[in-house]
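To keep things clear, I will list the structure first and then write my remarks on it.
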Amino acid sequence: MAWVVLIASGVLESVWASALGASDNFTRPKPTVLFAVSLVLSMAGLAYAMTDISVGTAYAVWVGIGAVLTVVIAVARKKETLSLGRSALLVVLIGCIIGLKVVS
């Protein structure tokens, strides 16, 4: 169960990171509220997962999932471009996240 919560928290990390960028320095109410709610839920989920998963592993997985999905969201919104090199590095990062699960 801790791994499911950790993955969901990583997804929420990408939500709050994207909402933070869209909040325009907290001047837009909807993205600001989305940022606050997803931040709290993401942190609560990470804290819960750390009761069963080591801190280093949980944090690395959480950040990795959040980082990959934040890039995917930015590319989908056409705010960033995805080169072959960036794509390859994101695939390596996903492989590392999976590897941390396998060896834990």
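Roughly how big is the chain's charge dipole about its Cα centre, with Cβ charges of +1 (Lys, Arg) and -1 (Asp, Glu), in debye to the nearest 20?
Magnitude of the dipole: close to 320 debye.
Which length gain, in nm to one decimal place, applies between Val37 and Ile98 when the Cα-Cα distance is subtracted from 0.36 nm times their residue separation?
So the chain would gain 19.2 nm between Val37 and Ile98.
Counting pairwise Cα distances across region 2-103, what percent come out greater than 18 angstrom?
So the portion of pairs separated by more than 18 Å is 50 percent.
Relative contact order of region 2-103: what whole-number percent is it, with Cα pairs under 8 angstrom and at least 6 residues apart?
Relative contact order, region 2-103: 33 percent.
For region 14-104, run through the trypsin sites (Lys or Arg not before Pro) and keep only the ones in DSSP coil with at most 16 other Cβ atoms within 10 Å of their Cβ.
Arg77, Lys78, Lys79
Coordinate-derived values only; no laboratory data. This is a predicted model, so every value here is computed, not measured. So basically every Cβ, Gly included, is an ideal-geometry build from the backbone, and we count neighbours across all protein chains shown.
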